[in-house]
Amino acid sequence: MPAANGSMAPLLTVESLMVRYPPRHFGGTRAAVTALDGVSFSVLAGTTLALVGASGSGKSTLALCLACLGRPTAGKILLEGRELTALTESQLRAVRPKIQLVFQDPSGSLNPRLTALEIVTEPFEVQGRFTEAERYERAGALFERVGLSLDMGPRAASEFSGGQRQRLAIARALALEPRLLILDEALSALDASVQAQIANLLLDLQRASGLTYVFITHDLAMAARLGDEIAVLERGRIVERGAPGDVLDQPAHVAMRALMAAAPRWNAPTKDQAGE
């Protein structure tokens, strides 16, 4: 399993990441807020870090920072050894295609004025890549990769089911051949059977393309299913991290024990046990 090979250089490294929001004085007074407080971790290429935590623990703030859509107050984010936090906005535009973010509700990120096929070809147009014929050819291949029929291309995303919209969002995220996919509660709005289908799709894509995932979730069963490692975020800090079997079988921190106490009973295999 790749995560066990300590000689490999990490694809993603986060060092002492801090995000602080200043106090507000208009419309009432709010004290300064620390959303992330010295977060550090690394993720090897081709593996998945499952990041779990209660609401308000800082998971979505971290996702935006990793996707270069939010600026940390301090600390470093390195992708393939390149420090992203030191880059200018124009330099970040060249990096963002390598890091894609898939949200919980794809409806908010899929342009309602575009057809499904246009949604998938849009990243090519924004980046000025390929001819029109090449764009549609590549979009067709992406539809096939995520289990959608190209016959669905002329439809609006609003005509798709929740699972189909998430497949469409994943196809668009893959268009520019990213190295890192950040999945921010990407399965939580789906029913159990569709969750399982999308989870299997993500595992198939990872095996075929060597994708690296940061999988942000409150679902411990899915964290076990997809994660090579689990990290527990509590009040902006990673308080526990390890192999899914270790973290879930013998949780060391009170935050993880609280998450497990609040979760429904489950017996999903870990990624190791499933032979992934």
query = If you check Q195 against the conditions, is it more than 12 Å from the chain's Cα centre (by Cα) and either aromatic (F, W, Y) or within 29 Å of A94 (Cβ to Cβ) (or both)?
reply = no
query = Which one is surrounded by the fewest Cβ atoms within 10 Å (Cβ to Cβ) among residues in region 5-22 that are farther than 21 Å from R237 by Cβ and either of a type in the set (F, W, Y) or at pLDDT below 95 (or both)?
reply = S7
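Let's see how each residue does on (1) closer than 26 Å to D219 by Cα; (2) surrounded by 15 or more Cβ atoms within 10 Å (Cβ to Cβ); (3) among the aromatic types (F, W, Y):
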{"site": "G53", "(1), (2), (3)": "yes, yes, no"}
{"site": "G56", "(1), (2), (3)": "yes, no, no"}
{"site": "A74", "(1), (2), (3)": "no, no, no"}
{"site": "R82", "(1), (2), (3)": "no, no, no"}
{"site": "A94", "(1), (2), (3)": "no, no, no"}
{"site": "K98", "(1), (2), (3)": "no, yes, no"}
{"site": "L101", "(1), (2), (3)": "yes, yes, no"}
key: Pairs, first within 20 Å of C68 (Cβ to Cβ) and among the aliphatic types (A, V, I, L, M) in region 97-111, second assigned to a loop (DSSP other than H, G, I, E, B) and at pLDDT 90 or above, C-beta under 9 Å, six or more apart   = I99/A67; I99/C68; I99/L84; I99/P178; I99/R179; L101/A67; L101/L69; V102/A186
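Listed here are the residues, each with its yes/no results for (1) assigned to a loop (DSSP other than H, G, I, E, B); (2) under 27 Å from C65 (Cα atoms).
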| position | (1), (2) |
| --- | --- |
| L148 | yes, no |
| P154 | yes, no |
| S158 | no, no |
| Q164 | no, no |
| A186 | yes, yes |
| L201 | no, yes |
task = Have a look at R165, R113, R129, R145 and point out the one that is basic (K, R) and closer than 20 Å to L226 by Cα.
result = R145
message = All but one of (1) touching a Gly at 6+ places or on another chain (Cβ under 9 Å); (2) aliphatic (A, V, I, L, M); (3) without any contact (Cβ under 8 Å) to a residue 24 or more places away in the chain hold for A116; state the number of the condition that does not hold.
response = (3)
request  = Take region 108-121 and flag every residue that is among the hydrophobic types (A, V, I, L, M, F, W, C) and not in a helix (DSSP H, G or I).
outcome  = L110, L114
request  = Just give me the residues in region 99-141 being more than 20 Å from P154 (Cβ to Cβ) and charged (D, E, K, R), in sequence order.
outcome  = D105, R129
inquiry  = Under 7 Å between Cβ atoms, which residue pairs at least 6 apart in sequence (or on different chains) link something in region 228-252 that is touching a residue at least 24 places away in the same chain (Cβ under 8 Å) and within 20 Å of S60 (Cα to Cα) with a partner that is surrounded by 22 or more Cβ atoms within 10 Å (Cβ to Cβ) and of a type in the set (D, E)?
reply    = R241/E229
message = Given the criterion surrounded by fewer than 20 Cβ atoms within 10 Å (Cβ to Cβ), hydroxyl-bearing (S, T, Y) and under 18 Å from V52 (Cβ atoms), identify the matching residue among S188, S158.
response = S188
note = Residue count, region 61-78, condition under 28 Å from F124 (Cβ atoms) and out of contact with any Leu (no Cβ under 6 Å at 6 or more places or on another chain), comes to 7
key: Total residues in region 162-178, condition in contact (Cβ under 8 Å) with a residue 40 or more places away in the chain and surrounded by 18 or more Cβ atoms within 10 Å (Cβ to Cβ)   = 11
query = Only one of (1) touching an Asp or Glu at 6+ places or on another chain (Cβ under 9 Å); (2) aliphatic (A, V, I, L, M); (3) assigned to a loop (DSSP other than H, G, I, E, B) fails for I216. Which number is that?
reply = (3)
inquiry  = Quick check on this structure: which one of F130, F124 is outside any helix (DSSP H, G or I), touching a helix residue (DSSP H, G or I) at 6+ places or on another chain (Cβ under 7 Å) and over 23 Å from R207 (Cβ atoms)?
reply    = F130
query = of a type in the set (G, A, S), at pLDDT 95 or above and either over 14 Å from R179 (Cα atoms) or outside any strand (DSSP E or B) (or both): does that describe S55?
reply = no
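The values are calculated or read from the model by the stated rules, or taken from the named source; none is laboratory data. This is a predicted model, so every value here is computed, not measured. Cβ sites come from the backbone with ideal geometry, for glycine too, and all protein chains shown count toward neighbours.
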